[in-house]
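The values are calculated or read from the model by the stated rules, or taken from the named source; none is laboratory data. What you are looking at is a predicted structure, and each value in this text was computed from that prediction instead of being measured. Neighbour counts are summed over all protein chains in view; Cβ atoms, including those assigned to glycine, are modelled from backbone coordinates with ideal geometry. Just so you know, the surface numbers come from the protein's heavy atoms only, side chains and all, with ligands and any DNA or RNA stripped out. Shrake-Rupley method; radii C 1.70, N 1.55, O 1.52, S 1.80 Å.
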Amino acid sequence: MEVRPLHILSVSLLLVSITTSGVSSAVCDVNIDPSRVVVRFGDPVTVNCSTTREDVLEAGWEASVSPVNEPNSKIAVWNVSSLTVWDAEPKCFINYMNEPRQCVEKLDLVIYKYPESVSLIAPEFMKIGVESNITCQVLDVAPARYLSVKLYKGDEQLGNRSFTHNSTRFPVNESIPFPVTPTRADNGAEYTCVAELQLGPGGPKLNPAKRSPPLKIPVFYKPSLLSAAEENVEVREGGSIVLNCSADGNPAPTYEWKYPKADNVQEITKDGVSTVNITRASSSNARVYECHAKNTYGVAMKNITLTVKGRSHWIGIGVLSVAVITVIVLIYRQIKA
C-alpha cells in the first residue's frame, strides 16, 4: 500500500518530462541571415538559413534557381553566382522529427535593375499661362514599387511620382506626365527628369538613380513694351530727333510704324529696337507716330506725339530777352544819375 504514491509520482514526472520535451520542439525556429536581401539583377547572392532545434531531419531552400537540400543539417546556404531570374522566390524549409514537422520561411528578396533610359517628351514650345504636359519616360526598370520619378526645372523640383501599389517584380516601362504652366521667366529654362530606386534597408548606400538629358522648351508670349506706351517729345524746327520703340516677345516681335511718310524720315530696326530718325524737322513732321510691335500671339502699341517748335518762337524769346535787358540798363543809369 505504500508503493502507490511513488507510482503516482513517477508517472507525474514522466508526464512533466514529455510535456517539457514537447514544448521545446513545438516551435518553428527558422533564422534567415540576412533577413532582407537587395541584389542587382545578374549579381551574386548568398543567404544562410538555420535552426537551433536538435530534432532536424533536413534543411534546404525551395527556389526557381539553385534549390538546396541538406539532410541531417541544421544549416542550408542558398548561393547563386549570378541571379538572372526575376521570380526566384526562395523559401527556406526545415523538416523535424517532432511537431511541427516542417517550418517554412520566405526570404524578403528585392531584385532591382537600373533604368535602361530616362528621357523627356515635351511639346516643341509652351505658351505663357497655358498648362502643358512634360512627360518623363523611364524604360526597363525594376521593381516598380520602389521607383520614384521627379521632374526638375533647374534645381527646383516640380513634381514627384511613386508606384508603391505596383507589385510586379519584372522590369516595366513608365511614362509619367507632369503638368506645367509656364511664365515669361520660364523661357529658356532647363528641365530634367530623375528616376530613382528607393530600395530601403539592405540596399545601396546611395539610391540607384538615372537622369535624363536636359531639355530647354521655348515659351511663347505676346510682345510687351519696354518703355511707356505714351510719350510726348519736342524738337526745334530744322533740328533732328530719334523716336524709339522696343518690346519683349517670343517669337521676337516685328515692328511697323504708322505716320505720313516724308523724305526726311527714316526707319531703322536693329538688335530688337526700332527707331524713326527725323532730320531737318518741319511743322509737317508734327504728329502722332504709332509703333506696332507684333508676333503670332499679340500686338503692343506705342504712341509718340511729336511737337515741332518753330524758329519764330526762338527768335521771339531772344527779342524779348534783349528788350528786358535794355530796360534794366536804362533804369540802372537813371538811378546812378
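Please find, within the stretch 178-212, the residue that is farthest from Pro223 (Cα to Cα) out of those that are in a loop (DSSP other than H, G, I, E, B), open to solvent by less than 60 Å² (accessible area, probe 1.4 Å) and hydrophobic (A, V, I, L, M, F, W, C). Checking each candidate, the answer is Leu199. Would you pick out the residues in the stretch 213-230 that are of a type outside the set (Phe, Trp, Tyr), surrounded by 15 or more Cβ atoms within 10 Å (Cβ to Cβ) and either under 23 Å from the mean Cα position of the chain (by Cα) or assigned to a strand (DSSP E or B) (or both)? If the condition is that a residue be of a type outside the set (Phe, Trp, Tyr), surrounded by 15 or more Cβ atoms within 10 Å (Cβ to Cβ) and either under 23 Å from the mean Cα position of the chain (by Cα) or assigned to a strand (DSSP E or B) (or both), then Leu215, Ile217, Pro218, Val219, Lys222, Pro223, Leu225 are the ones that fit.
If only residues of the stretch 256-271 that are open to solvent by less than 40 Å² (accessible area, probe 1.4 Å) and not polar (S, T, N, Q) are counted, the one that is farthest from Gly238 (Cα to Cα) is Trp257. Within the stretch 128-174, the set of residues being among the small types (Gly, Ala, Ser), out of contact with any helix residue (DSSP H, G or I) (no Cβ under 9 Å at 6 or more places or on another chain), closer than 15 Å to Glu196 by Cβ and outside any helix (DSSP H, G or I) comprises Ala142, Ser148, Gly159. The numbered conditions (1) part of a loop (DSSP other than H, G, I, E, B); (2) at pLDDT 95 or above are all true for Gly60 except (1). If I filter the stretch 141-155 for residues that are hydrophobic (A, V, I, L, M, F, W, C) and open to solvent by 70 Å² or more (accessible area, probe 1.4 Å), do I get at least one hit? Scanning the stretch 141-155 turns up no residue that is hydrophobic (A, V, I, L, M, F, W, C) and open to solvent by 70 Å² or more (accessible area, probe 1.4 Å). Could you tell me which numbered condition Leu243 fails, if it satisfies all but one of (1) part of a loop (DSSP other than H, G, I, E, B); (2) surrounded by 16 or more Cβ atoms within 10 Å (Cβ to Cβ)? Of everything listed in (1) part of a loop (DSSP other than H, G, I, E, B); (2) surrounded by 16 or more Cβ atoms within 10 Å (Cβ to Cβ), Leu243 misses just condition (1).
Just to check your reading of the model, which residue among Val39, Val68 is in contact with a Gly (Cβ under 6 Å, 6 or more places away or on another chain), of a type in the set (A, V, I, L, M, F, W, C) and open to solvent by less than 40 Å² (accessible area, probe 1.4 Å)? Full working, then the answer.
On the way: Val39 fails: in contact with a Gly (Cβ under 6 Å, 6 or more places away or on another chain).
On inspection, the qualifying residue turns out to be Val68.
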